[in-house]
Amino acid sequence: MALLPKLEIVCAAGAGYEAVDLDTARSRGIAVANCPDTNASAVADSAMMLLMASTRHLLQADRFVRGGGWQDQWRVDTPTLSGKRLGILGMGTIGSKIAHRAARGFDMEIGYHNRTAVTGSSYRYFPSLIELATWADFLICAAPGGATTRHLVNASVLAALGPNGYLVNIGRGTVVDTAALIDALRAKRIAGAGLDVVEGEPSVPPRLPELLQFDNVVITPHCAGRAPEARDAATAVILANLNAHFAGKPLPHPVPLKA
């Protein structure tokens, strides 16, 4: 921002805007907008993909076959999703879409943790993340980044999830304590993980090599929301925000600049 003295508006290309310096924007009168919900369906699809890939040990099975193995030699337990308990951290638009897919497609029982319960939600609300993790068979993190959510999933939450539990994170890497996750995987205090986001982004996460050593971990390169449909939708919202700003009209999707 300091290098752009005539800057009028910052528009995040997705829902998240934790990388935008809101204090500086407010002090300079710079408008901030975002593009909520444009990739929510793609991210929810990817969350279910990661959950299935990790619980059914897809990558390990693929490597096994490529190495010459087949059915009689396969000895890995791969639990089903159907009828199990799914905990969701963050019941926003993406979390709601994940819940819909899990409940309607896999007959899963849904519980969630938010700062407050979602009005009108039919899913079970847990005021404590520890309680949710204790109850759940699988935990999907769909929470935004920022200081208030940093390391919400810590060693205690992973211990509560238990040795048969699986963790999926499609929110932000900072929500999960990576060191605690590595320790839990190494000690087999959880059964596996599916990650689209890891602490240390946007650079290559520094602890990625350690995570890649585990056969029960599936990692994608923060691409859960990337799809042609999502890109087209985001482009339309960016243009709507910019056109409104330069026409002197209210932004369709403003980010509040709290004092």
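The values are calculated or read from the model by the stated rules, or taken from the named source; none is laboratory data. Bear in mind that the values here come from a model prediction, so they are computed numbers and not experimental data. Virtual Cβ from ideal backbone geometry, glycine too; neighbours counted across all protein chains shown. Just so you know, the surface numbers come from the protein's heavy atoms only, side chains and all, with ligands and any DNA or RNA stripped out. Shrake-Rupley method; radii C 1.70, N 1.55, O 1.52, S 1.80 Å.
Key figures for this structure:
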quantity	calculated
Listed residue (W70, M108, G90) projecting farthest to the positive dipole end of segment 69-119, Cβ model	G90
Relative contact order (percent, whole number), the chain, Cα cutoff 8 Å, 6+ residue spacing	23
For the chain, the longest site-free run once GluC sites (Glu not before Pro) in DSSP loop states with at most 16 other Cβ atoms within 10 Å are removed	19-259
Residues of segment 113-259: accessible area per residue with a 1.4 Å probe, Å²	52
Choice from N216, N164, N243 showing the highest fluctuation, given a GNM over the chain with Cα pairs closer than 10 Å	N243
Distance histogram in 10 Å bins (all Cα pairs of the chain, percent per bin)	7, 28, 33, 21, 9, 2, 0
Signed unit charges on C-beta, dipole axis of segment 68-220, positive-most listed residue P163, A184, L132	L132
Whole-Å semi-axes of the ellipsoid equivalent to segment 71-201 (Cα gyration tensor, √5λ, descending)	22, 20, 13
Net lengthening on full extension, K6/T235 (0.36 nm per residue, minus Cα-Cα)	80.1 nm
Accessible area (Å², 1.4 Å probe, nearest 10) - I130	70
Farthest toward positive dipole pole in segment 145-202 [+1 Lys/Arg, -1 Asp/Glu at C-beta], among G200, V153, V175	V153
Average projection area in nm² (convex hull over Cα atoms of segment 1-132, one quarter of hull surface)	12.8
For the chain, calculated [θ]222 nm from helices alone, where every DSSP H run of n ≥ 4 adds -39500 (n - 2.57)	-10500 deg cm²/dmol
Nearest-20 debye value, the chain charge dipole, Cβ charges on Lys, Arg, Asp, Glu	240
Fraction of antiparallel bridges per DSSP, the chain only, in percent to nearest 5	5
Pairwise Lys count, the chain - Cα closer than 21 Å, eight or more residues apart or different chains	4
Local net charge near S82, Cβ-Cβ under 13 Å (Lys/Arg +1, Asp/Glu -1)	+2
14 Å beta-carbon shell around N154, net charge (K/R +1, D/E -1)	-1
Cα-centred dipole magnitude for segment 111-242, charges only on beta-carbon of K, R (+1) and D, E (-1), debye, nearest 20	180
